[in-house]
Structure formats: structure tokens, C-alpha cells
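One structure is given here, and the rest of the page talks about it.
None of the figures in this text is laboratory data; all of them are computed from the coordinates on show. Only a predicted model underlies this, so the values are computations on that prediction, with no experimental measurement involved. Cβ coordinates were reconstructed from backbone atoms using ideal geometry, including for glycine residues, and neighbour counts include every protein chain displayed.
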Amino acid sequence: MDEAQSNLLLKRPVVLKVVVTPRWKEEVQRQLQTQMNQIDSQLQQLDMQGQRAIAEIQKQNPPQSSQQIESVNTQVNQKRSELLEQKNQFLQQLQQVQLLELEQEVPQGQLDSFFRVEVGDNLVKKMNVEVLVRDGVVEEIRGEI
């Protein structure tokens, strides 16, 4: 077997973990709060749009205006429920972040990495790689690179 056939370049998932620090907690809490504020703004816009649509229907006063108003209310309420559910999820995440202990390692996501495998390599070991980050700086790479 020649050199070109004795190894292969593969792609693997790499788990990204972060060390909980005061700085990390503040940043995540700020991001979650920003997202909740955006949802509050969307809720206000939704209410205003619904009121405008109803006022427009009432101004035209068509025979089926009560059905149209009911349809607008249903759509507004459905969208409001979706937004409130999202906000509730962010609130739960915020509570979870507040409960995390300093120096605890938590999964933050997943990255992809390429690696070379050769005949005789332990594929399971080469597939299990983690990167540990503290305040944006790589602190440790775990597993076989």
C-alpha cells in the first residue's frame, strides 16, 4: 500500500465547553436580556398592528366586520403566544445561568474539525475531542488531535 492510500482525512464534531466565570455569566445574561427586550418590543408592535387593523376594519364597516375582527384577534393572540413562549424559554435559560457555579464546565456548542486517520489508529479516541474555553481563550484541548 502506498503512502496516499494509508491515511484518510476525516471530519469530526468537536465539543466546545466553557468555564463559568463572572465575565461569561454577565455576557450570557446580557445577551438573554437583550433577546427578551426584543421580544417585548415585538409584542408592543404586534398589539399596535392588531389595533390598527381592527380600527381600519371598523372604519370600513363591512357586513362581515365582526368575522374579520375575530380573525385579526385570533392571529394576534396566536403570535403573542409564540412570542411569550420564546420569552419564557429565555427566562428559564437566564435562571439556569444564574444557578451555575463558578469554574463549572458547561457545553456551549459544537465545532467541526478535520483529522487524519491511518491504519491502526483508534478511531473512537480520535473522534472524541473537546475544546475548553475560559473568557474566549482556549485553555485546553482534550482528546487525540
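Quote the charge dipole size of the chain about the Cα centre in Debye, to the nearest 20; the model charges only the Cβ of Lys and Arg (+1) and of Asp and Glu (-1). Kindly include the intermediate steps, with their values, before the conclusion.
Numbers: 16 positive and 21 negative charges, 107 e Å.
Here the size comes out at about 520 debye.
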Multiply the residue gap between Glu144 and Gln95 by 0.36 nm, knock off their C-alpha separation, and tell me the result in nm, one decimal place.
14.1 nm
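Using a Förster distance of 22 angstrom, determine the FRET efficiency expected from the C-beta separation of Asp112 and Val137, and round it to 0.05.
Working: r = 21 Å, r/R0 = 0.94.
Here the calculated transfer efficiency is 0.60.
How big is the convex hull of the Cα atoms of the chain, per residue, in Å³?
Details: hull volume 25.8 nm³, N = 145.
That works out to 178 Å³ per residue.
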Equivalent ellipsoid semi-axes for region 68-145, as square roots of 5 times the alpha carbon gyration tensor eigenvalues: give them largest first, rounded to whole Å.
44, 20, 9
Classified through the alpha carbon gyration tensor (a ≥ b ≥ c as square roots of its eigenvalues; rounded if a/c is under 1.5, else prolate when a/b is larger than b/c, else oblate), region 1-87 comes out oblate
Estimated inter-spin distance, Gln51 and Glu85, nm [label 7 Å along Cα→Cβ]:
2.7 nm
Quick one: check the C-alpha center-to-center distance for region 70-90 versus region 1-67, whole angstrom.
14 Å
Reach of Lys59 by Cα under 28 Å, taken over lysines that are not fewer than 8 positions away in the same chain
Lys79
Relative contact order for region 22-101: what is it in percent, counting Cα pairs under 8 Å that are at least 6 residues apart?
52 percent
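Using 1/(1 + (r/R0)^6) with R0 = 22 angstrom and r between the beta carbons of Glu103 and Asn128, what's the FRET efficiency to the nearest 0.05?
Details: r = 23 Å, r/R0 = 1.03.
The formula returns an efficiency of 0.45 here.
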If contacts are Cα pairs under 8 angstrom and at least 6 residues apart, what is the relative contact order of the chain in percent?
50 percent
Which of the lysines could a cross-linker span from Lys25 if the Cα-Cα distance has to be under 17 Å and same-chain partners fewer than 8 positions apart are dropped?
Lys17
